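A short worksheet on the structure shown next.
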Amino acid sequence: MTILETIQTEIQQPYYRQNFANDGQRFVAWYMRNIHLLDQCQTKDAVTDGANDKQIDAVYIDEDEQKIYVVQGKYYTGDSINAEPVREVISSWTQFYDLSKLQENANEKLKRKIAEIANALEEDSYCVCFELVTTSMFSPEAERDIEMFQARLAENDDSDLN
């Protein structure tokens, strides 16, 4: 069984079907459970996907590691995925320079998570990790955008997000 087949099977379990509205949300929840090892309650709390999610599908603050994970998920069963999701991650990253503006028109779950992010960033010991997770391969255009995004992140590595 391929990883895609495993994901497709597992996101049909009652927990995912009862708590998340579509396969995209279920995939992000599956990722949070299986990669970040969150329990069911933590996962449900982390997923912010939906209307006015500001290109942020999940937020998880790992207090032990002092990392803030911002996740954009793309559940796609085709051969490749274009550059649009990469640009969505870049969009969410640039919004972090002004958390109060990011909070404008955000959905209620994301507003709550932004407040938690602001509190964590006040401690000055947290780092922000942006994750783009997908079930497909990236197109050459997407790969170029990823390389440019990584270079941009490296340039700003020492900058303060506050």
Sorted list, accessible surface of protein heavy atoms, 1.4 Å probe, largest first, for K74, K113 is K74, K113
Rounded to the nearest 10 Å², the 1.4 Å probe accessible area of Y60 is 40 Å²
In whole angstrom, the spacing between the Cα centers of the range 86-124 and the range 1-61 equals 20 Å
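Would you please classify the overall shape of the range 92-136 from the alpha carbon gyration tensor, given that a ≥ b ≥ c denote the square roots of the eigenvalues, rounded means a/c under 1.5, and beyond that prolate means a/b larger than b/c while oblate covers the rest?
Details: a/c = 1.87, a/b = 1.21, b/c = 1.55.
Because a/c hits 1.5 or more and a/b fails to exceed b/c, the range 92-136 counts as oblate.
Provide the FRET efficiency to the nearest 0.05 for the E5-H36 pair, computing r from the beta carbons and using R0 = 22 Å. Walk me through the numbers on the way to the answer.
Values: r = 22 Å, r/R0 = 0.99.
Here the calculated transfer efficiency is 0.50.
Suppose every K and R has +1 on its Cβ and every D and E has -1 on its Cβ; what is the size of the dipole of the range 105-151 about the Cα centre, in Debye to the nearest 20? It would help to have the intermediate numbers written out before the result.
Numbers: 5 positive and 10 negative charges, 59 e Å.
Taking the Cα centre of the range 105-151 as origin, the dipole is about 280 debye.
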Computed about the Cα centre, the charge dipole of the range 15-162 from +1 Lys/Arg and -1 Asp/Glu charges at the Cβ has a magnitude in debye, to the nearest 20, of 720 debye
Rounded to the nearest 10 Å², the 1.4 Å probe accessible area of T77 is 80 Å²
Non-local residues with an amide H under 5 Å from the amide H of G73, with H modelled 1.01 Å from N and Pro and chain starts lacking one, are D57, V133
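Which value, in debye to the nearest 20, gives the size of the charge dipole of the range 19-94 about its Cα centre, when Lys and Arg are +1 and Asp and Glu are -1 at the Cβ?
Values: 7 positive and 13 negative charges, 35 e Å.
The calculated dipole for the range 19-94 is roughly 160 debye.
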Using a 1.4 Å probe on heavy atoms of the protein chains only, the accessible area for L132 in Å², nearest 10, reads 40 Å²
Expressed in angstrom and ordered largest first, the alpha-carbon extents of the chain along the principal axes are 43, 37, 30
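The values are calculated or read from the model by the stated rules, or taken from the named source; none is laboratory data. Everything quoted here is computed from the prediction, not taken from an experiment. With ideal geometry, Cβ positions are generated from the backbone for all residues, glycine too; neighbour counts draw on all protein chains shown. Remember, those area values only see protein heavy atoms, side chains included, never the ligands or the DNA or RNA. Shrake-Rupley method; radii C 1.70, N 1.55, O 1.52, S 1.80 Å.
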